[in-house]
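For reference, the structure discussed in these notes is given below.
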Amino acid sequence: VLFRSKHEGAWNAHAGGAAALMQRMRRDTSVKVSLKRVPVVPGKDDLSNFTFLYLTGLDDFKFDAAAIASLRNFLNAGGTLLVNNGLGLRTFDEAVRRELKAILPGAEMKMIAGDHPLFSAVHKVKEAVYTPAVQRLTPGKKLIDEKVPHLEGVTLNGDLKVIYSPFDLEAGWQGMEHPLAKAYEPECAMQLGMNIVMYSMTH
């Protein structure tokens, strides 16, 4: 079951993308997968029975105090939060970094090293395949090594519990081609998504 976190922005950016990922997990792994998606509102809904939350969007958003406390408790209790930047937009990126600082004061989001177990949880992903919009980025706009997957994360109690993709994964899961999307190409996105879900289930 995929628990999708609601917020005041465009929280359901690519309808159907996450379901496509779950279908691929069902087809290619032995993991028992439900295709059900459950929207939850941190601060209003009880997160204590959840182990994995998915947050995505396109624009600015802000969590209230209750949502911040709820998400902090979720993460400190061992839950995993996957955050996807829909279309790879700067406005959402800035909001994510701001809100994560509020949720986990003092925690540092770092690049996930290429030899991290996440990158081999199901598929061995050593090189990223990005859309042309990412390939056109220059070092002056954003420092990025185009040959490696660009994922960032926060480690809590020795395990990676926040995983953030500044480039869109879900568009790839859906097989969507958007000329301006800063994203992963579909097969690369799918393999990374499967790895993230599998890693979160085992850590």
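The values are calculated or read from the model by the stated rules, or taken from the named source; none is laboratory data. From a predicted model like this one, the values you see are computed outputs, not experimental measurements. Methodologically, a virtual Cβ is constructed for each residue, glycine included, from the backbone with ideal geometry; neighbour enumeration extends over all protein chains shown. Just so you know, the surface numbers come from the protein's heavy atoms only, side chains and all, with ligands and any DNA or RNA stripped out. Shrake-Rupley method; radii C 1.70, N 1.55, O 1.52, S 1.80 Å.
Of all residues in segment 51-100 being charged (D, E, K, R) and touching a residue at least 40 places away in the same chain (Cβ under 8 Å), which is nearest to GLN135 (Cα to Cα)?
Among them, the one singled out is ASP93.
Mind listing whichever residues of segment 136-155 are at pLDDT 95 or above, aliphatic (A, V, I, L, M) and out of contact with any Asp or Glu (no Cβ under 9 Å at 6 or more places or on another chain)?
Across segment 136-155, the qualifying residue is only LEU151.
Please name all residue pairs, on different chains or six or more residues apart, with Cβ atoms under 6 Å, provided the first residue is in segment 101-118 and is within 21 Å of THR202 (Cα to Cα) and the second residue is open to solvent by 40 Å² or more (accessible area, probe 1.4 Å) and among the β-branched types (Val, Ile, Thr).
Filtered contacts from segment 101-118: GLY114/VAL148.
Considering only segment 34-55, how many residues are open to solvent by 50 Å² or more (accessible area, probe 1.4 Å) and assigned to a loop (DSSP other than H, G, I, E, B)?
Of the residues in that region, 7 qualify.
Please determine whether any residue of segment 56-72 is in a helix (DSSP H, G or I) and among the hydroxyl-bearing types (Ser, Thr, Tyr).
Yes, segment 56-72 contains at least one residue that is in a helix (DSSP H, G or I) and among the hydroxyl-bearing types (Ser, Thr, Tyr).
Exactly one condition in (1) within 22 Å of ARG37 (Cα to Cα); (2) modelled with pLDDT of 95 or more is not met by GLU99; state its number.
It is condition (1) that GLU99 fails.
Looking only at segment 75-91, which residues are closer than 23 Å to TYR199 by Cβ, assigned to a helix (DSSP H, G or I) and open to solvent by less than 40 Å² (accessible area, probe 1.4 Å)?
Answer for segment 75-91, where residues must be closer than 23 Å to TYR199 by Cβ, assigned to a helix (DSSP H, G or I) and open to solvent by less than 40 Å² (accessible area, probe 1.4 Å): LEU75, GLY86, GLY88.
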